[in-house]
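Trainee: The structure's right below; bear with me while I get my questions together.
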Amino acid sequence: MQNNNVSFTSNIRFVPWKVFSKMEKKNAILYYHDTPNILKADEFYSLDIRTCTGGGLTKQSTGEGEGFHFWDDKLTQKKANDNVISLIRFVKNPERGLVIGGKRLDENPFSVALFYKFRDMIKERVQNLSEFCIHRFEDSQTHYHYDTKNDTWTICTEYRKTANSPQRAVNSLATLKNAFEKISIAPGDRLFIGEKEIQPKDAPEIFLKHV
């Protein structure tokens, strides 16, 4: 008999590029403006999320997962609803999810609006969604990997504050807050930076639903 009271959680772990690059990874999600860029697999990853929107949906009760990397352009805006419908068809009734990306650049006018459009449509269908909303700096990018076996998102976010600043990766709570305009960790999800777990008491503003 299925236990409907089981509550699955996901781990979200930020690591530097030297760690992320050495991970064994399979099933890359590429990003093109004229394809859905959705992949259902036990394990998947995507690189170079800048002005795009990336992430995935999971259903641990059945061991399912899928990732996406949506280009930010007029065609993607036109097909946004179809893309989200495709996500829900691939993994029916997803239990958890993560969305990350977006950037405020004059030359990328669709980026922020599309990020929030995808975020809002997914939130209507997924109760537990962790959000990393809008890269704060012009020179910033995110790479992610997800594995259903350990239900873990491994994320590398890099940024430069100015054109002349050294590139740095998220390696502390302070740099995580610096990297994104808004962060919201879904109830039940666990946040790690390296090997250190960030508790709701450490950052209640990003664990609001836990309090």
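The values are calculated or read from the model by the stated rules, or taken from the named source; none is laboratory data. These numbers were taken from a predicted model, which means no experiment stands behind them. For neighbour counting, all protein chains shown are included, and Cβ atoms are generated from backbone atoms with ideal geometry for every residue, glycine included. Heavy atoms of the whole protein, side chains included, go into the accessibility calculation; ligands, DNA and RNA do not. Shrake-Rupley method; radii C 1.70, N 1.55, O 1.52, S 1.80 Å.
Trainee: Among the strands (runs of 3 or more DSSP E) confined wholly to region 150-196, which include 1 or more residues that are under 15 Å from PHE207 (Cα atoms) and of a type outside the set (Phe, Trp, Tyr)? Please lay out each step first, then the result.
Mentor: Values: elements: 152-160, 180-184, 190-193.
The qualifying strands (runs of 3 or more DSSP E) are 180-184, 190-193.
Trainee: Output the residues belonging to region 90-114 that are among the basic types (Lys, Arg) and at pLDDT below 95. Full working, then the answer.
Mentor: Taking region 90-114 as the starting set, the residues that turn out to be among the basic types (Lys, Arg) are 92, 96, 103-104.
Hit for region 90-114 is LYS92, nothing else.
Trainee: Would you confirm whether or not region 66-74 contains a residue that is more than 19 Å from GLU131 (Cβ to Cβ), in contact (Cβ under 8 Å) with a residue 12 or more places away in the chain and more than 17 Å from the chain's Cα centre (by Cα)?
Mentor: Within region 66-74, the subset more than 19 Å from GLU131 (Cβ to Cβ) is 71, 73-74.
Pick out the ones that are also in contact (Cβ under 8 Å) with a residue 12 or more places away in the chain and you get 71, 73-74.
In the following step, the residues that additionally are more than 17 Å from the chain's Cα centre (by Cα) were identified as 73-74.
Yes, region 66-74 has at least one match.
Trainee: Can you list residue pairs whose Cβ atoms sit under 8 Å apart, with the first residue in region 12-25 being over 17 Å from SER130 (Cα atoms) and the second being open to solvent by 40 Å² or more (accessible area, probe 1.4 Å)? Count only pairs 6 or more apart in sequence or on different chains.
Mentor: Final answer for the pair search is PRO16/ASN171; LYS25/TYR45.
Trainee: Okay, moving on. Which one of PHE132, PHE118 is within 26 Å of PHE207 (Cβ to Cβ) and not in a strand (DSSP E or B)?
Mentor: Values: PHE132 fails: not in a strand (DSSP E or B).
The unique qualifying residue is PHE118.
Trainee: On to the next question. Restricted to region 167-211, and to residues that are among the charged types (D, E, K, R) and touching a residue at least 24 places away in the same chain (Cβ under 8 Å), which residue is least open to solvent (accessible area, probe 1.4 Å)? Full working, then the answer.
Mentor: In the first step, residues of region 167-211 are kept if they are among the charged types (D, E, K, R); the result is 168, 177, 181-182, 189-190, 195-197, 201-202, 205, 209.
Subsequent filtering for residues that are touching a residue at least 24 places away in the same chain (Cβ under 8 Å) retains 177, 181-182, 189-190, 202, 209.
On the way: LYS177: 75, GLU181: 73, LYS182: 98, ASP189: 10, ARG190: 99, ASP202: 63, LYS209: 113 Å².
Per the criteria, the residue is ASP189.
Trainee: Also: Restricted to region 54-97, and to residues that are among the hydroxyl-bearing types (Ser, Thr, Tyr) and over 17 Å from ILE12 (Cα atoms), which residue is surrounded by the most Cβ atoms within 10 Å (Cβ to Cβ)?
Mentor: Let us first name the residues in region 54-97 that are among the hydroxyl-bearing types (Ser, Thr, Tyr), namely 58, 61-62, 76, 86.
Next, only the ones that are over 17 Å from ILE12 (Cα atoms) stay: 61-62, 76, 86.
Working: SER61: 13, THR62: 13, THR76: 21, SER86: 15.
Among those residues, the one meeting the criterion is THR76.
Trainee: Of all residues in region 115-136, count the ones that are under 30 Å from PRO166 (Cβ atoms) and either surrounded by 17 or more Cβ atoms within 10 Å (Cβ to Cβ) or at pLDDT below 95 (or both). Show your work before the answer.
Mentor: From region 115-136, those under 30 Å from PRO166 (Cβ atoms) are 115, 130-136; that's our starting set.
Cutting the leftovers down to either surrounded by 17 or more Cβ atoms within 10 Å (Cβ to Cβ) or at pLDDT below 95 (or both) gives us 115, 130-135.
The number of residues fulfilling the criteria is 7.
Trainee: CYS156 passes all but one of (1) more than 12 Å from the chain's Cα centre (by Cα); (2) open to solvent by less than 10 Å² (accessible area, probe 1.4 Å); which number fails?
Mentor: In the conditions (1) more than 12 Å from the chain's Cα centre (by Cα); (2) open to solvent by less than 10 Å² (accessible area, probe 1.4 Å), CYS156 misses (1) alone.
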